[in-house]
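What follows is a single structure, written as structure tokens, with notes after it.
The values are calculated or read from the model by the stated rules, or taken from the named source; none is laboratory data. Model, not experiment: these values are computed from the prediction. Here the Cβ positions follow ideal geometry from the backbone for every residue, glycine too, while neighbour counts run over all protein chains shown. Heads up: the accessible areas ignore ligands, DNA and RNA and are worked out on the full protein's heavy atoms, side chains in. Shrake-Rupley method; radii C 1.70, N 1.55, O 1.52, S 1.80 Å.
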Amino acid sequence: MSPSDEPTVDEHVVVDEDAPGTPISVPDSGDHGEGGKLKMIVQLVKKCLGVKDIATMRLSLPASLLEPVPNLEYWQYLDRPDLFAAINDPEYPFERMLAAVRFTFTKDLKFVHGKVCKPYNSVLGEHFRAHWDVPPVAYSEDLAQAIIPLTHTTDAPTNGSETASVKSGRSSKSTKSGFSAFSKAKSSTPPSQSVETNMTAQMSNLSLGNDANTERLRVIYVTEQVSHHPPVSAYYASCPQRNIEMSGIDQISAKVSGTTVRVSPGQFNQGIFVNITGGPGEGERYHITHPVASVNGILRGSFYVTVSESSIITCTGGKPGTKFRAIIEYKEESWLGRAHFLAEGVIHTVHEGETEHEEWTKVKHVPADRIVAVFDGSWRGHIRWRRVGGGSYPNAFSSSASSPSPSHEHLPTPEIPPHAASRTDVSSPDTEYSTLIDLSTLRTIPKDVRPLEKQLPNESRKLWENVTANLLKKEYSEATKEKVTIEQRQRDEAAERKRKGIEFIPKYFEKDLSAGYSKLTEEGWKAVKEELGESLPSA
């Protein structure tokens with residue numbers, strides 16, 4: 001079938017007949033200024049009203065509405081790979097759960113400091129790989145106290161944070177304002193090809209932690225688009241030096257509600273699975289579920305993200321004994337006034353063989369005698385925490401409150417089995433609040449990606465190379481043509497598979513998605529080893 005036989009809305013919009021639902025199109029207005037983009041966005045929102053799931057509808061947006069970044073590169077949970085690697089640092093289970101909570105707050109740091117954007121839609125079989133070489137986080141003498149990130153931190157907190165993170169004493173290098181939250185300190189690709197240098201963030205005194213004598217941990221990441229309808233990708237990340245790996249399935253469901261786009265996990269997206277394969281937490285698995293996000297400010301053209309519902313972190317496996325589980329509850333925003341971006345949570349015990357805790361999804365659901373720690377604050381700024389024995393516990397507080405300070409009530413000292421005792425014994429007297437994490441002082445750590453000449457044709461940056469180059473030059477018509485060419489090629493390949501009765505088989509991940517993650521194939525492990533073996537950037 002030739003391209004002329006395909007149903008199109010105009011020469012720059014390809015409609016995918018294989019997708020469910022009524023075709024929806026937004027033609028390029030020709031006005032590529034902010035006003036023109038806003039008009040197209042408003043048109044899109046109007047046409048999406050009543051659509052059950054935007055993520056599965058038949059649509060191809062004009063390139064002028066896209067940011068020059070591939071979807072597989074944009075949607076990943078390693079904005080702070082140093083905090084991912086740090087989960088297996090502590091000796092004691094309770095402290096490892098604290099580390100898992102810290103990582104969860106930082107996995108989407110791009111939405112705290114970067115702008116909300118629409119990346120390219122991934123095509124079937126597209127894949128992306130990258131790595132980070134980061135210094136391990138440092139700690140005070142008490143591992144349960146504030147961590148000390150050694151790279152990509154600022155000198156002082158923002159967003160009303162109460163305390164600042166400790167700046168690395170190992171780095172004397174810094175850069176002034178204008179450093180992008182997505183930009184690379186040292187890029188392995190030419191500036192015109194680096195999708196991370198296109199977005200700007202207002203920041204100053206950024207500590208990059210470039211001391212050549214500092215130990216470096218390599219964290220690698222591989223992902224592949226394994227389904228087109230619905231759009232689903234599988235991913236894998238690991239840090240062998242810290243015996244930790246992560247896997248999962250990415251799929252979102254999106255719906256317009258009023259002037260807000262509500263984004264929730266799709267049916268195959270069961271969350272993030274973190275496995276500890278050695279070291280202190282050997283055998284432990286942390287299952288981290290995703291909350292619900294909303295994109296606001298659409299009609300004003302000033303997008304920002306709010307988060308609601310809960311993220312649950314459940315630890316299983318490892319050594320016998322009491323396990324820990326965390327609930328991060330994101331507070332609903334009030335219809336009136338500004339957003340407060342508040343969150344609160346608890347860490348509670350889970351005893352072997354019980355299942356009642358599976359019904360606990362909010363702070364108020366957890367019995368008082370099971371709580372061992374509480375935390376609260378702003379998920380865009382400062383989060384504080386304290387152990388709970390005979391002390392205080394934050395109640396759920398009204399989303400319409402004008403202050404982020406929760407109310408408290410006195411709780412009895414819980415009875416904790418002897419095998420749960422550790423250096424952070426929860427039956428000890430209450431402690432004062434300490435900093436769990438201060439997101440206002442952290443910035444996204446840029447990734448290292450192989451140069452284009454080493455990438456495969458279906459590797460994200462190589463695949464979208466011409467689209468990216470034209471967008472960066474603001475040649476929107478040419479960018480849209482290149483984008484349509486890629487989309488049409490995908491349709492032609494799908495039609496050919498259908499004609500021959502051939503099923504698409506992912507290259508790097510196995511087909512089975514039922515577990516919430518997909519195992520790597522032989523080619524997938526090969527890609528992991530290649531990324532682990534990539535040369536360090538020259539000093």
With the structure loaded, tell me whether residue 534 is in contact with a Lys or Arg (Cβ under 7 Å, 6 or more places away or on another chain), of a type in the set (D, E, K, R) and part of a loop (DSSP other than H, G, I, E, B) or whether it fails that test. yes
Write out, first by first residue and then by second, each pair whose Cβ atoms fall under 6 Å of each other, whose residues are 6+ apart or on separate chains, and whose first residue, in segment 460-473, is in contact (Cβ under 8 Å) with a residue 12 or more places away in the chain while the second is part of a helix (DSSP H, G or I) and acidic (Asp, Glu). 460/73; 466/482; 467/482; 470/478
Which of the numbered conditions does residue 435 fail, given that it passes all the others? Conditions: (1) in contact (Cβ under 8 Å) with a residue 40 or more places away in the chain; (2) open to solvent by less than 60 Å² (accessible area, probe 1.4 Å); (3) outside any strand (DSSP E or B). (3)
Is one or more of the residues making up segment 63-78 modelled with pLDDT of 90 or more, among the β-branched types (Val, Ile, Thr) and under 25 Å from residue 268 (Cβ atoms)? yes
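Select from segment 463-518 the residues that are among the β-branched types (Val, Ile, Thr) and open to solvent by less than 80 Å² (accessible area, probe 1.4 Å) and write down the one among them that is nearest to residue 224 (Cα to Cα).
Among those residues, the one meeting the criterion is 486.
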Looking only at segment 335-360, count how many residues are farther than 20 Å from residue 95 by Cβ, surrounded by 14 or more Cβ atoms within 10 Å (Cβ to Cβ) and not aliphatic (A, V, I, L, M). 5
Which one of these is part of a helix (DSSP H, G or I), under 30 Å from residue 480 (Cβ atoms) and open to solvent by less than 10 Å² (accessible area, probe 1.4 Å): 72, 98, 83? 72
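Select from segment 215-232 the residues that are within 30 Å of residue 150 (Cα to Cα) and of a type in the set (D, E, K, R) and write down the one among them that is modelled with the highest pLDDT.
It comes out as 218.
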Within segment 410-424, identify whether any single residue is among the acidic types (Asp, Glu), under 30 Å from residue 135 (Cα atoms) and either open to solvent by 60 Å² or more (accessible area, probe 1.4 Å) or at pLDDT 95 or above (or both), and answer yes or no. no
Tell me, yes or no, whether segment 349-369 has at least one residue that is touching a residue at least 60 places away in the same chain (Cβ under 8 Å), under 30 Å from residue 114 (Cα atoms) and of a type in the set (Val, Ile, Thr). no
Counting only residues that are free of Cβ contacts under 8 Å to residues at least 40 places away in the same chain and either among the acidic types (Asp, Glu) or in contact with a Leu (Cβ under 9 Å, 6 or more places away or on another chain) (or both), how many does segment 282-308 have? 2
Which numbered condition in (1) assigned to a helix (DSSP H, G or I); (2) modelled with pLDDT of 95 or more is the only one that residue 456 fails? (1)
Counting just the residues of segment 208-236 that are under 16 Å from residue 86 (Cα atoms) and charged (D, E, K, R), which one comes out surrounded by the fewest Cβ atoms within 10 Å (Cβ to Cβ)? 215
All positions within segment 494-529 that are outside any loop (DSSP other than H, G, I, E, B) and in contact (Cβ under 8 Å) with a residue 12 or more places away in the chain: 494, 495, 509, 520, 523, 524, 527, 528
Search result, residues across segment 237-249 that are under 21 Å from residue 447 (Cβ atoms) and open to solvent by 20 Å² or more (accessible area, probe 1.4 Å): 240, 241, 242, 245
Selection within segment 452-462 - closer than 15 Å to residue 71 by Cβ, among the polar types (S, T, N, Q) and open to solvent by less than 60 Å² (accessible area, probe 1.4 Å): 460
